[in-house]
Amino acid sequence: MTKESSRSEIEILREAINRYNYRYYVLDDPSVPDAEYDRLMRRLLALEAKFPELITPDSPTQRVGDKPLPAFEQVAHEIPMLSLENAFNEEEMHDFERRLKDRLKSDVALEFACEPKLDGVAVSLLYENGLLVRGATRGDGTTGENITQNLRTIASVPLKLVGKAWPVRLEVRGEVYMPKSSFDALNRSAKDAGEKLFVNPRNAAAGSLRQLDSRITASRRLEMCCYGVGLYVGGELPKSHSLVLKQLHKWGFRLNNEIKVVTGIAACIEYYQKLEKKRDRLHYEIDGVVFKVNDLATQKTLGFVSRAPRWAIAFKFPAQEEITRLLDVQFQVGRTGAITPVARLAPVFVGGVTVSNATLHNMDEVVRLDVRKGDSVIIRRAGDVIPQVVRVITERRPKSAKPIRLPSHCPVCGSEIIKTDEEAIARCSGALYCPAQRKQSIKHFASRKAMDIKGLGDKLVEALVDQDLIRTPADLFSLTREQLSDLERMGEKSAQNLLNALSKSKKTSFNRFIYSLGIREVGEANALNLANHFGTLDALMSARETELLEVDDVGPIVAKHIVTFFHQKHNQDTIAALLAAGIDWPAHRKADQAELSLAGKTYVLTGTLEQMTRDEAKARLQALGAKVSGSVSAKTSCLVAGPGAGSKLAKAKSLDIEIIDEASFLSLLARLENK
């Protein structure tokens, strides 16, 4: 590469890095992940090292950040806050050790202080006579911003040093960061308020520290760990970096509890590997490990290069964020019918693996991100978490980028897709038919509160589906003893027991059958109300939304789910097959609410019932028109309290609610049911 061609590339690199610096440090709005920034900076450093005559004072390699915002008072650092050299593999760590030994002209193994590289914002805290007098950001390394009032709101920043024997002036340097829990809470609040979400905890911490109203900063729950000393006047420092940190801890500063001192670069690499495995379990984000020569006299001998100390290095973890291109979006169907948009990506190495797919969660998220086919996007992968699209780089959007539309029909079974304004998730309406929902719908159909098929557990359902012996609930009733006996852990006796249970389950009730169908949002209480209101399956299946809205506890959303379910041809076919298999129930008289003895009353069951199960008691109450709630409130009409009743009994007494024991409850049921 010639000097002139390098000059051109250097200009392009400087322009890009300066633009990214401005977005990150000035606007608090990073447009690229760290890995992309690091690559550009390393390339620029390599070119400037090859052609040092092309280095200019305004090159981003000659400073750390960019100009601070003018809204804050500018602060000149008495001792510059420099950056660190980066290593990205073990070979570069061994090169680092070799350079140290060459400069020291010694082959003696060096002692290193190892610290997690917290992913936050570097700050400077100045203390005079033990009192905090100023706090500042790093800024461009020479000049930062006065954010004293904001730093004072952080509980882990001491306003007055504890202990004694402080220096007259002490500048402590540390990292302010936002714990993962605080970040999640902040983004949940922002999403609920319809505000812009932060990309990552570091971005959130930076934005929080640069608020003009310190009350906002106080609400963000930031933390700070110190990592060293800049200025020290009037006293004598301990002899090593680790002892300096211990002294700071005694004066009231928080230290990261992962800090450790090791000897030799092999031990540094081992520390790195252990922390990388632990990374996702930490309550804060880290993006690598910082290694510093522990002895301060040795640090002084080693000195500095133009923008970094020779005695320290940051060994970066594999990037958790990367840029790639979104090639297409496909829609997957989950076991409960949830429709999830999945981004198909140009393969990219991120978080230690090659990623070609990432979740987009739901259509609300697609709209929030404004992501389109053809966009350049930032992908994030942390540990075992499913890769996700976290940001679109709109400045790179091609003119051919296409909006993403939710399909109207399920990509697996062709059923209508339903999405209400009240829900973020869209769902397939073909619960009984859709192959993607097959296992879940059959498990629900066989469950105790539905058809109550004894012996048909989850694992057996999965085995039957996996071997293609059943596709819909109706197929259960055509199973043979031979088919069942051939299954693993199923002998002839077990097979016959299941066939007997299937035969027995055919005699059911109308409300149980409705519940067994797995219609979205139709629970036990809704099923009973529907059975009471319509009386027959034909009447229910042909009901319009306006008719359904006349049923207790059926609102517009549930009514739409019911109509859509019964409108699907394959659901109709499955129901017909179930009836043809012999499923039947006693005639269900269409209930007149005026005739139901407990209509309008709410009962709560608590404690142990000795004469019947809780489910039986609930069913008998509902058959009489009562609502059965799980909690006591002012709307509760009566509490049925068996032995072992606790807090619900106490609350009912405090609200002066009628309380009856099991004997009185049985007497009540007998009287009302025999009317």
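Every read-out reported here was derived from the displayed coordinates using simple, explicitly stated rules and does not represent laboratory data. Predicted model, so just to flag it, every value in this text is computed and none were measured. Ideal geometry is used to build each Cβ from the backbone, glycine not excepted, and the neighbour counts take in all protein chains shown.
Details
- Acute angle (nearest 10 degrees) that the helix 3-21 long axis makes with the longest principal axis of the chain, alpha-carbon atoms: 50 degrees
- Relative packing of 565-572, 430-437, which averages over residues the other C-beta atoms within 10 Å, highest first: 430-437, 565-572
- Cysteines in the chain that lack a partner Cβ within the 4.7 Å cut-off: C114, C225, C226, C268, C638.
- For the range 128-181, the set of trypsin sites (Lys or Arg not before Pro) satisfying both a DSSP loop assignment and a count of at most 11 other C-beta atoms within 10 Å is given as K164.
- Highest to lowest packing among 392-405, 474-487, 116-129, scored as the average C-beta count within 10 Å: 116-129, 474-487, 392-405
- Share of Cα-Cα pairs in the range 72-186 lying beyond 18 Å, as whole percent: 64 percent
- Axis of helix 180-192 versus longest Cα principal axis of the chain: the two differ by about 60°, to the nearest ten degrees.
- Among the listed options (i) 240; (ii) 169; (iii) 154, the one matching volume of the Cα convex hull per residue in Å³ as calculated from these coordinates is (i).
- Shape category assigned to the range 223-307 from the gyration tensor of Cα positions, a/c cut at 1.5: oblate
- Amide H contacts under 5 Å for L231, placed H, 5+ residues apart: E171
- Cβ-based net charge around D295, under 12 Å, with every Lys or Arg adding one and every Asp or Glu removing one: +2
- Residue-wise HN-Hα coupling along the range 31-44, computed from phi with Karplus coefficients 6.51, -1.76, 1.60 (Hz; x: Gly, Pro): 9, 9, x, 4, 4, 5, 4, 4, 4, 5, 5, 5, 5, 5
- Two-site FRET efficiency, E395 against T301, from Cβ-Cβ distance with R₀ of 51 Å, rounded to 0.05: 0.65
- Among the listed pairs K160/K277; K50/K196; K449/K635; K105/K164; K454/K601, those with a Cα-Cα distance over 31 Å are K160/K277; K50/K196; K105/K164; K454/K601.
- Rounded to the nearest 10 degrees, the angle from helix 569-580 to the longest Cα principal axis of the chain is 40 degrees.
- Restricting the GluC sites (Glu not before Pro) of the range 519-599 to loop positions (DSSP other than H, G, I, E, B) with no more than 16 neighbouring Cβ atoms within 10 Å leaves E521, E550.
- Cα shape, the range 597-675, gyration tensor, a/c 1.5 rule: oblate
- Other residues lying with their Cβ under 13 Å from the Cβ of T636 contribute a combined charge of +4, Lys and Arg counting +1, Asp and Glu -1.
- Distance between the range 438-496 and the range 240-312 - C-alpha centres, whole angstrom: 59 Å
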